Amino acid sequence: MHGYHGKVLLVDLTSRLAESRALDEDVLLNFIGGTGLAAYLLYNYCPVGIDPLSPGNPLIFASSPLVGSRLTTSSKFAVAAKSPLTGLIGDSLSSSFLATELKNTGHDALIVVGAADSPTLLSITDDQVEFIDATELLGLNTFETEQVVKDRLGRMYRVACIGPAGENLVKFASISNDGGRQAGRTGPGAVMGSKNLKAIALRGHSNCSVFAPDALNVVAKDLSRRSLGPATEKYRTIGTVENVSVFDRLGTLPTLNFKQSTFDAAEAISGETFSRSHHVKNAHCANCTIGCEHVMSTTDGTVKGRMEYESAFALGSLVGVMDPNAVIKASVFCDEMGMDTISAGGTIAWAMEAAEAGLIDSDLQFGDSDMVLHTLEKITNREGIGDLLADGTRIASETVGGGSGDWAMHVKGLEMPGYEPRSLKTMALALAVSTRGACHNRSSAYEADFSNRVDRLGIDDDRGRIAMEGEDRSAVMDSLIWCKFLRKAFTDFYAESAEIYTNITGMNMTPEMLQEAGERINNVKKLFNIREGWTRADDTLPRRVLTEALPTGIVKGIGLGQDELDAMVASYYEARGWDEDGMIPPEKLHELGIQVSENVLAAM
C-alpha cells in the first residue's frame, strides 16, 4: 500500500490498552483521510446518544494520504469527536509537524476512548504506547505544557495538548500543537480534558512510500510555484486581517454582537494598522510555501502571537474593542489557555447584551477591553460569570432566559464567525445548513457572494446548488488535506487533486470519483447528526438575523426573512437529493454506496 498504512491505533485510557486495527482499502479510497476518514471513524466508534463529555466519546486524530509527501500546505491533521457545544459532529483542522509525526507512527488515525483515572500524558513512539503521569502539567498553559513534555521526552516529539480551559471543560476549548496552532472549533479540548488527557506526544519512523515519486515531484514543484503567485498574495502580505477593512467597507463586518455590520473604529483594528504598527514576522506551517501566519506584538513588546481575521473580529468589532493591543492580548491569552477565539468573543458579546438588559449581574459593556480580558480569565477557570459563559451562548441563553436567546448568535450551538449573513446571503445559507454549526470553513459559499456571481443582497433558486458544491469541494480539501488558502492556485482542482492522489497511492482516482467522495463525506456527517437528534428546525439562523434589518453603511435596511432562508434551505435540500425535511432518502445512500446497518457505517 502506498500513501497509507492501512491501520488505525485504538487507545483505551480506562484499560490502558492499545491495539492496531486494519482499515479497508475501500474505506480509504472513499473517505480519503482528514475530516472524511475522521467522520467515518466517528460514526463507527461513537455510541449513539453519548454524552460528549463522557468516556465513551471517541477523540479521533486523522492523517491523510498527502501528509508526508512534502506537497505544499499538506501537513495538516483533523480532529473529530461528538461536540460538547452542539451535541452533533465536531471536527477541526490544524497545520503542523504533528500531522507528519502521527503518520510516521505507522497509522492513518489515532482513536482515543475511555478516560484516565488521573492526569495523563499519552506517549506514542511508533507502535509503543505509554501512559505517563501528568500531574505536574496541570494548570500549565499550552506553550508551557508543550515545552515541559519535550524537555521530558525529547525535542523530536510532537505534542498536542490542552490548557487550563480544556482541563476545566470549557465547551469551546481547543487542542494546541506546534507552538500555539489550534484545532479550535467545536470544543475538542473539552473532550480531551474530560478524558483526563493533558497531552499526547508522538514520535515515529514509519514513512509511507509514494507510488510515482518522479511524477509527483514534477507536480509538487509546479504547485509550489503557483502557491507564490497572485492567488495567495493577500495571505503572504497583510494576511487575513486585511478582511477587517474590506468587510467594513462592504457592510459585512459583524459588530456589537451582530447589531451592526460596520464598525466606526474598523481602521484601528484593520490589517493595515496591525501590519504597520504591530507586525513582527511572517511564519510558515510545516511544508508550506505561502507563509500566511503573521506574528504581531503589542507596542510595548510584552505580548506576541499570531493574529488573523477571525480573532480580530471576535475580540475586536464584535465586542466593540478598538485597541489593537487589547485584541492581541486577548487572542494570545486564548491560545495560551487553549480556547477558540470565535466562540470566546461570541459568548462575551452575548453577555454584554445580557448585562445591558439587566439579565446578568456583570460590569461587562461593549468596548471595555479590560473587562474582555478579565472575563476570558473567568471563563478559563469557570469562576463566577465565567462558569455560565464556559458553556457557550446557547446553553447560557437557555439558562438565563428573559429573551436573551434572541441575541445568542450561534447555529446549532456553535458561535457565528465573522461574516454578516444578511449582506452575504449565499453564506447565510451555508451557515444555516452546515453540519458542524455556524462555520466559515466547511463551505466556500462566501466566494460566490464576493465574486458577483450572485446578488449577495438577494436570493434565487441557485443558492442551494452553490452551497452544496462549496461544501463538497471543501470536504475534499479537508480530507486530502489541502490548505484552503491554496484553493485558487489550482487550474482544475478536482483533476489536479485526482492526479496527485493517484501518484501518491497508486489507486486510480478520477475527478468524478473525488467529487463524489466530497458528497459522500458530507452525507455521512449529516447521517451522524440525524442519528444524534438533528431535525429540520436546526438548519436556521439566530433570531436577530431573521428579524432585524442592518442599520448602517451601504447595506442599511437590508434584512433576511425566515421565508427567504426557508426558500434557500429548500433549494439546498433539493440540490442534495434529500427530502423536504432534510432527511437522506435510501436511494441517495445507495447512489453514494453508503450502507448503514444498526448504526454502523459499513465499508464501501
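The values are calculated or read from the model by the stated rules, or taken from the named source; none is laboratory data. Quantities reported herein were computed from a predicted structural model and do not represent experimental measurements. Cβ atoms come from the backbone with ideal geometry, glycine included; neighbour counts cover every protein chain shown. Accessible surface areas use protein heavy atoms only, side chains included; no ligands, DNA or RNA. Shrake-Rupley method; radii C 1.70, N 1.55, O 1.52, S 1.80 Å.
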Exercise. Only one of these conditions is not met by Arg394: (1) open to solvent by less than 40 Å² (accessible area, probe 1.4 Å); (2) closer than 20 Å to Met352 by Cβ; (3) touching a strand residue (DSSP E or B) at 6+ places or on another chain (Cβ under 9 Å). Which number is it?
Worked result: (1)
Exercise. Given (1) aliphatic (A, V, I, L, M); (2) surrounded by fewer than 24 Cβ atoms within 10 Å (Cβ to Cβ); (3) free of Cβ contacts under 8 Å to residues at least 60 places away in the same chain; (4) within 28 Å of Thr72 (Cα to Cα), where does Met296 come up short, assuming only one miss?
Worked result: (2)
Exercise. Which is under 19 Å from Ala438 (Cα atoms) and not aromatic (Phe, Trp, Tyr), of Val555, Val569?
Worked result: Val569
For this session: Could you grab me the full set of residues in the stretch 508-519 that are open to solvent by 10 Å² or more (accessible area, probe 1.4 Å) and assigned to a helix (DSSP H, G or I)?
Result: Pro511, Glu512, Met513, Gln515, Glu516, Glu519
Seminar exercise, completed: Checked Ala567, Ala575, Ala549 against criteria (open to solvent by 30 Å² or more (accessible area, probe 1.4 Å), under 28 Å from Leu29 (Cβ atoms) and touching a residue at least 12 places away in the same chain (Cβ under 8 Å)); the one match is Ala575
Problem set entry | Of all residues in the stretch 130-142 being in contact with a strand residue (DSSP E or B) (Cβ under 8 Å, 6 or more places away or on another chain) and touching a residue at least 40 places away in the same chain (Cβ under 8 Å), the one that is most open to solvent (accessible area, probe 1.4 Å) | Leu138
Exercise. When you go through Leu29, Leu42 one by one, which is the residue that is within 21 Å of the chain's Cα centre (by Cα) and not polar (S, T, N, Q)?
Worked result: Leu42
Exercise. How many residues does the stretch 343-363 contain that are open to solvent by 10 Å² or more (accessible area, probe 1.4 Å) and over 13 Å from Trp407 (Cβ atoms)?
Worked result: 4
For this session: Please indicate, with yes or no, whether at least one residue in the stretch 352-371 is touching a Phe, Trp or Tyr at 6+ places or on another chain (Cβ under 9 Å), charged (D, E, K, R) and closer than 18 Å to Pro164 by Cα.
Result: no
Exercise. Of the residues that sit in the stretch 520-543 and are open to solvent by 10 Å² or more (accessible area, probe 1.4 Å) and of a type in the set (S, T, N, Q), which one is nearest to Ile466 (Cα to Cα)?
Worked result: Asn522
Problem set entry | Subset of the stretch 45-73 that is of a type in the set (A, V, I, L, M) and over 24 Å from Lys195 (Cβ atoms) - its residue that is farthest from the chain's Cα centre (by Cα) | Leu71
Seminar exercise, completed: Within the stretch 96-127, residues touching a Ser or Thr at 6+ places or on another chain (Cβ under 6 Å) and polar (S, T, N, Q) come out as Thr100, Asn104
Exercise. When only residues in the stretch 299-335 that are out of contact with any helix residue (DSSP H, G or I) (no Cβ under 6 Å at 6 or more places or on another chain) and farther than 24 Å from Asp248 by Cβ count, which is least open to solvent (accessible area, probe 1.4 Å)?
Worked result: Asp335
Exercise. Can you pull out the residues in the stretch 50-79 that are of a type in the set (A, V, I, L, M) and either more than 25 Å from Met409 (Cα to Cα) or free of Cβ contacts under 8 Å to residues at least 60 places away in the same chain (or both)?
Worked result: Ile50, Leu59, Ile60, Ala62, Leu66, Val67, Leu71, Ala78
Seminar exercise, completed: Among residues of the stretch 397-412 being of a type in the set (Gly, Ala, Ser) and in contact with a Leu (Cβ under 7 Å, 6 or more places away or on another chain), the residue surrounded by the most Cβ atoms within 10 Å (Cβ to Cβ) is Ser404
Seminar exercise, completed: Residues in the stretch 415-428 that are under 20 Å from Arg394 (Cα atoms) and either assigned to a helix (DSSP H, G or I) or of a type in the set (Gly, Ala, Ser) (or both) total 3
Problem set entry | Failed item in (1) assigned to a helix (DSSP H, G or I); (2) in contact (Cβ under 8 Å) with a residue 60 or more places away in the chain; (3) acidic (Asp, Glu), with Asp472 passing the rest | (2)
Exercise. Which of the residues that make up the stretch 419-454 are closer than 20 Å to Thr262 by Cβ and either modelled with pLDDT of 95 or more or buried (at least 24 other Cβ atoms within 10 Å of the Cβ) (or both)?
Worked result: Tyr419, Glu420, Pro421, Arg422, Ser423, Leu424, Lys425, Met427, Ala428, Leu431, Asp449
Seminar exercise, completed: Apart from one, (1) outside any helix (DSSP H, G or I); (2) in contact (Cβ under 8 Å) with a residue 40 or more places away in the chain all hold for Arg155; the odd one out is (2)
For this session: Go through the stretch 179-213 and count every residue that is at pLDDT 90 or above, surrounded by fewer than 20 Cβ atoms within 10 Å (Cβ to Cβ) and farther than 25 Å from Gly6 by Cβ.
Result: 1
For this session: Test Val149 against the criterion of being open to solvent by less than 20 Å² (accessible area, probe 1.4 Å), in a helix (DSSP H, G or I), touching a helix residue (DSSP H, G or I) at 6+ places or on another chain (Cβ under 7 Å) and β-branched (Val, Ile, Thr), and give yes or no.
Result: no
Seminar exercise, completed: For the stretch 231-253 the number of residues that are at negative phi, modelled with pLDDT of 90 or more and of a type outside the set (Val, Ile, Thr) is 8
